[in-house]
Amino acid sequence: MLKSILSELELVAPELFKGVRSTVFRTWDTPTIVSDFVMRWALATGRAVVKDHSHLYVSTGTRGSFAELDLLKSMIGKIDFFCINDTTDDAEFDDPRFENVRNAMELMFPLASTFET
């Protein structure tokens with residue numbers, strides 16, 4: 001993601017940037033720019049290319065989330081990207097799924113980042 005692409009796109013479509021800046025939270029009529037439009041525009045104009053990367057997606061609210069986290073722990077260092085999506089809507093604070101995610105993260109990243117200290 002290059003700042004120059006965003007700057008160029010803002011000149012091409014200023015109304016989209018104005019709409020996004022008009023609210024803190026995104027709504028259906030003010031969609032995000034970076035996660036969708038910029039990438040599509042960059043692909044369409046030849047500024048980006050699609051590359052395959054190894055990845056894993058874990059949804060914390062599904063029945064298989066414990067197994068998915070175990071798989072993720074075994075794949076750290078062997079995959080390019082991962083996403084842990086918190087889909088435990090209305091879960092209690094002491095829900096065991098939270099502890100499972102915390103344990104997995106501590107195992108995968110034993111040293112705290114500068115943002116955590």
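The values are calculated or read from the model by the stated rules, or taken from the named source; none is laboratory data. Just so it is clear, the structure is predicted and the values come from calculations on it, not from any experiment. Every residue, glycine among them, receives a Cβ derived from its backbone with ideal geometry; neighbour counts consider all protein chains shown.
Of note:
- Here region 14-55 is the region considered, the condition is being hydroxyl-bearing (Ser, Thr, Tyr) and more than 21 Å from Asp80 (Cβ to Cβ), and the residue that is surrounded by the most Cβ atoms within 10 Å (Cβ to Cβ) is Thr30.
- Residue satisfying all of: in region 68-117; of a type in the set (Ser, Thr, Tyr) and within 21 Å of His55 (Cα to Cα); modelled with the highest pLDDT among these: Ser74
- Boolean, Ile33 is in contact with a helix residue (DSSP H, G or I) (Cβ under 8 Å, 6 or more places away or on another chain) and over 25 Å from Leu6 (Cβ atoms): no
- Counting only helices (runs of 4 or more DSSP H) that fall entirely inside region 1-89 and contain at least 3 residues that are out of contact with any strand residue (DSSP E or B) (no Cβ under 9 Å at 6 or more places or on another chain), over 25 Å from Glu99 (Cα atoms) and of a type in the set (A, V, I, L, M), the qualifying elements are 3-12, 39-44.
- Flag if Gly19 is without any contact (Cβ under 8 Å) to a residue 12 or more places away in the chain and either within 27 Å of Ala104 (Cβ to Cβ) or not assigned by TED's automatic domain parsing to the domain that holds Asn100 (or both): yes
- Flag for Leu43 being of a type outside the set (D, E, K, R) and at pLDDT 90 or above: yes
- Hey, Asp89 under 20 Å from the mean Cα position of the chain (by Cα), charged (D, E, K, R) and loosely packed, with under 13 Cβ neighbours inside 10 Å or not: yes
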